[in-house]
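Before any comments, here is the structure.
Derivation of every value follows stated rules applied to the coordinates shown; laboratory data play no part. Since the model is a prediction, treat every value here as computed from it, not as a measurement. Virtual Cβ from ideal backbone geometry, glycine too; neighbours counted across all protein chains shown.
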Amino acid sequence: MKKFLILLLFSVNAYALEELSISWNPPMSRVDGTPLTIEEISHYELYMDDVLLTDSIQGTETSYIISVSTGSKCFKMKTVDIYSRSSPFSNVLCKDIVSAPGAPLSITIDYVGN
């Protein structure tokens, strides 16, 4: 009986991720205009291109760091209070994410003089 070795090769495209800091001002009032305190904010929901990225940003936070691939990305948020009521969406902010430049190629070192 002959044995065969099967080798599977997979090509993986490595995409550079860029780190972004998203920041906001917490709401000071509810939709109806009544006051809203920080203690009443349970958490925030962050969306990128209409997809929920996270709903675990604590209500006391005012910024969030995220790693994203390059391309055009649009972000928006919601506030969720301690009673599980969510706000309408915030404004939408879009940004073109551009990768950092590549490293210099083929550097050389030569003696000077002598």
Can you work out the PRE-style zone for MET48? Point 7 Å along Cα to Cβ, and I want the residues of segment 88-104 with backbone N under 15 Å.
-> 93-100
Rounded, prolate or oblate: pick one for the chain, where a ≥ b ≥ c are the square roots of the eigenvalues of its C-alpha gyration tensor, a/c under 1.5 means rounded, and failing that, prolate if a/b is larger than b/c, else oblate.
-> oblate
Considering the chain as a Gaussian network with a 10 Å cut-off on Cα pairs, which listed residue, TYR47, TYR83, TYR64, attains the greatest mean-square fluctuation?
-> TYR83
For LYS76, counting only aspartates and glutamates whose alpha-carbon sits under 14 Å away and dropping same-chain residues fewer than eight positions off, the answer is GLU45, ASP49, ASP50, ASP55
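Using 0.36 nm times the number of residues separating SER29 and ALA103, minus their current alpha carbon distance, what extension gain do you get?
Working: separation 74, 0.36 × 74 = 26.64 nm, distance 4.86 nm.
Extra length available between SER29 and ALA103 comes to 21.8 nm.
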Counting Lys +1, Arg +1, Asp -1, Glu -1, what net charge surrounds SER99 among other residues with beta carbon under 12 Å of its beta carbon?
-> -3
Would you mind getting me the FRET efficiency between LEU20 and SER86? Use the beta-carbon distance for r and R0 = 22 Å, nearest 0.05.
-> 0.40
All other residues with a Cβ under 11 Å from the Cβ of ASP49 taken together, and with Lys, Arg as +1 and Asp, Glu as -1, what is their net charge?
-> +1
